[in-house]
Amino acid sequence: MAGRFGWPARLAPRPGESPRDGGDGGDANENRAFGPNQRSTELPIVKLMDLSASFVVDRAGLDRLLGAMTARGYRTIGPVVRDGAVVQRQVSSTDELPQGWHDEQAPGHYRLHHDDDPSLFAWAVGPGSPKSEFYPARSLVWRASSADEVVTLEQPQEDSTPVALIGPRPCELAGLRVLDRVFAGGEVPDPHYRDRRASSFVVVAECGTPAGTCFCTSMGTGPGVADGVEVGYDLALTELKSSNEPQYLVRVGSERGAEVVEEMGGSPAAPADFAARDAVLDEAARRIERKLDASNVRQLLADNLGHPRWDDVASRCLACGNCTLVCPTCFCGGVSDATTVGGVVERHRQWNSCFDLAHSLVHTGPVRATTWSRYRQWLTHKLSTWHDQFGTSGCVGCGRCITWCPVGIDITAEVAAIAASDGAVPVYIESGGDRS
Amino acid sequence: MCMDAMLLTEVEPLLNPLTPVTYRVVARHVETGDVVTLSLEPTSGPSPFSFKPGQFNMLTSFGVGEVAISISSAPGAPGPVEHTVRDVGAITHSLCTAAVGSVVGVRGPFGTDWGVDGFDDKDVVIVAGGIGLAPLRGAISYLVDKPGRTGRVYVLVGAREPDQITFPDDLKRWERDGAVVKVTVDVPDSRWWGAIGVVTTLLPTIDFDPARTVALVCGPEIMMRFTVRGLVDLGVALASIRVSLERNMQCGIGWCGHCQLGPLLICRDGPVFDYSAALEKLISERER
């Protein structure tokens, strides 16, 4: 039986035979994943260009890239410094990029410093992520007006200007691939997300300067990105230090990328350039201090829902929801209605947080009434039940939840504490009786 | 984003799954003090959505909000589609007090269903607690009316008080048409001459063959857990028991994250589930 929107009404995918269980790890090649090989609808995939060709460009080459994307009708979104943080804004020149800026990150701590370093990408990640380009923090869903007992609904016309993301990190690209499964990989895709994502152009910037809170190496999402069209970028940049101006190794990840790279005016990359890239990435990986054992965390958390560490972390967590706002994969949302004085009703969709008391509200009250329950929900969802729901981990190791937590709760430390006493149960002191 | 500068287009064709279709309230029936059944017809267009018993819709009261409500009529039944709403909050209050002739929004149907076409030769034991009868009502009517069914239908209903017994006319009708119907209340009043006690006390009073029985259960989670225990004690296989779960549902299509229960998104994977040890563990897991 087909539903009203034409998708088949699903009959009983029951627990125990979950069709979504993709197993452990990031099941990147699962066929319902949404990737660049499926999104070039306007460009037929004809292998005319050599995707393995790589180039080296200077900063002027990046400006030519911005110009080429603008000429193709893209809105170019890149990193800029605003209000003491690296954030994403529309950029038209490399002059707007964070030249010489460096970030200092620790649990509950983020500071920017500036020096005369000519590098444009010598920082890690800021509080914002590409999530908001495809899933805005707040958007109008529809507007309804009524006259003569007839209600008329209008939907906002989508802005069809495609987005070119300039410089998202490999971990942020991994975050988008997670969101792709949520909003574009299910039976009912979000048309706004799907269309904007499908038309987007991604210039990923490999990371040579991870922050103190990063753990992408544990999650397999950085600091570099692999070759190949399945990875999901159009072009991949690596900022190579040199005696004066930095150079950029440019690798091609799609036909569209191959077309654009022609206009960047680079010279073919030499083995020395790849050696320089290896050095950048090796150094970055070496600097990453935090670790999360991703190999067994899914089962570890599922087995430790009563672990005493939840009491410990609940005593520190403020349930403010900052971690969910900065997370590049947190997708919870909701709608709310507002009525104008003239009687026009507008329904907006906005991000929600599982740390909000109302998030789990049913008629008898909230299902998760305490911070204990809500922190456990967030962490077990992110690292464990996300696999069940979407066939991948919900964590990409960007470290934002650690940096932007006002009390510095560290997801890697919480997991390590549970792992260190796997199977522990709280000790309750009661006056007699056997709890078992 | 500047709202005034935004171009708006009329919804045709319907693009966004979050946008409802307008339906008119053509009848409003008060079931109990705080439970109302709304009969809805599309404001335009030929026919309403098709659905299976156990599925739900997202109903919008314009200007108040949207809430998940079970479809309480039977599929294929003549007349408008019915939804039964209990007045427990701002949105449900607005729906419960919606006047005949007013317009509401409908999205759906969503979720899994009771699978009522899958067991024509089996006895069906239906156990409902309180408003939990609403998502079962369409299934019961469908099973009672379905030609060619050889199994019997048992309807066991528990209500807190006699005043809170929903669908009394349907209970009589189902009994007249061959179902075994039993009702119990937790707290009787002076006019109550029926059974007293929780709904599980009705289980041993019916004569059914557990080996060829399917059970459909909906009510508070603790009631469902104990009902399952009672059914299993009588010999019903765990895999032959289905329950309908409730969580906060805001989208119906797996985008909003509100209805999570461990690995499950209730709107997408449920609300109707085959009972299992794994499901029992999920709904028994302690929250604080």
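The values are calculated or read from the model by the stated rules, or taken from the named source; none is laboratory data. These figures come from a predicted structure and were not determined experimentally. Don't worry about glycine lacking a Cβ; one is built from the backbone with ideal geometry, like all the others, and counts go over all protein chains shown. Surface areas here come from the heavy atoms of the whole protein model, side chains and all, with no ligands, DNA or RNA. Shrake-Rupley method; radii C 1.70, N 1.55, O 1.52, S 1.80 Å.
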Exercise for review: Across the protein assembly as shown, how many lysine pairs, 8 or more positions apart or on different chains, have C-alpha atoms separated by under 18 Å? Please give the number.
Suggested key: 6
Practice item. For n ≥ 4 DSSP H runs only, could you compute -39500 (n - 2.57) per run for chain A, divide by its residues and tell me the 222 nm figure to the nearest 500? Key: -7500 deg cm²/dmol
Check your understanding: Considering chain B as a Gaussian network with a 10 Å cut-off on Cα pairs, which listed residue, B:17, B:162, B:109, attains the greatest mean-square fluctuation?
Key -> B:17
Review point. Plugging the Kirkwood radius over Cα pairs into Stokes-Einstein for segment A:284-382, at a temperature of 4 °C and a viscosity of 1.567 mPa s, what D comes out in µm²/s?
Key: 80
Practice item. Roll a 1.4 angstrom probe over the protein heavy atoms and tell me the percent of accessible area of the protein assembly as shown that is carbon or sulfur. Key: 53
Check your understanding: When only the heavy atoms of the protein chains count and the probe is 1.4 Å, how do B:193, B:255 rank by accessible area, highest first?
Key -> B:193, B:255
Check your understanding: Top to bottom by accessible area (1.4 Å), largest first, where do B:83, B:93 land?
Key -> B:93, B:83
**Study point:** Given 15 as the ceiling on other Cβ atoms within 10 Å, longest exposed-site-free region of chain B for GluC sites (Glu not before Pro) in DSSP loops
**Key:** B:1-284
Study note, to complete from the structure: For segment B:120-174, the Kirkwood Rh over every pair of distinct alpha carbons, in Å, works out to 11.7
Study note, to complete from the structure: Output for segment B:116-244 (equivalent-ellipsoid semi-axes, sqrt of 5λ from the C-alpha gyration tensor, Å, descending) is 22, 17, 12
Revision key, fill the gap. So the compactness index of chain B, its C-alpha Rg divided by 2.2 N^0.38 Å, takes the value 1.03
Exercise for review: Indicate, rounded to the nearest 5 percent, the antiparallel portion of the DSSP beta bridges found entirely in segment A:139-209.
Suggested key: 60
Review point. Who wins for biggest fluctuation among A:141, A:250, A:362 in a Gaussian network model of chain A, springs between alpha carbons below 10 Å?
Key: A:362
**Study point:** Span per principal axis, largest first, for the Cα atoms of segment B:14-109 (Å)
**Key:** 34, 29, 25
Exercise for review: Please work out the average accessible area per residue across the protein assembly as shown, using the 1.4 Å probe convention, and give it in Å².
Suggested key: 40
Review point. So how much accessible surface do A and B hide from each other in total, probe 1.4 Å, in square angstrom to the nearest 100?
Key: 6000
Point to revise | DSSP-defined beta bridges in the protein assembly as shown - what % are antiparallel, rounded to 5 | key: 70
Exercise for review: Could you check which residue among B:235, B:219, B:158 shows the biggest mean-square fluctuation in a GNM of chain B with a 10 Å Cα cutoff?
Suggested key: B:235
**Study point:** Charge dipole (chain B, unit charges on Cβ, about Cα centre) - positive-most of B:35, B:18, B:133
**Key:** B:133
**Study point:** DSSP beta bridges in segment B:63-204 [antiparallel fraction, %, rounded to 5]
**Key:** 5
Review point. So how exposed is residue A:219, as accessible area in Å² (1.4 Å probe, rounded to 10)?
Key: 30
**Study point:** Spherically averaged projected area in nm², based on the convex hull that wraps the Cα atoms of chain A
**Key:** 26.5
Study note, to complete from the structure: Ranking B:286, B:137 from most to least accessible area with a 1.4 Å probe gives B:286, B:137
**Study point:** Accessible area (Å², 1.4 Å probe, nearest 10) - residue B:281
**Key:** 120
Check your understanding: For segment A:258-374, what's the relative contact order in percent, using C-alpha pairs closer than 8 Å and at least 6 residues apart?
Key -> 19
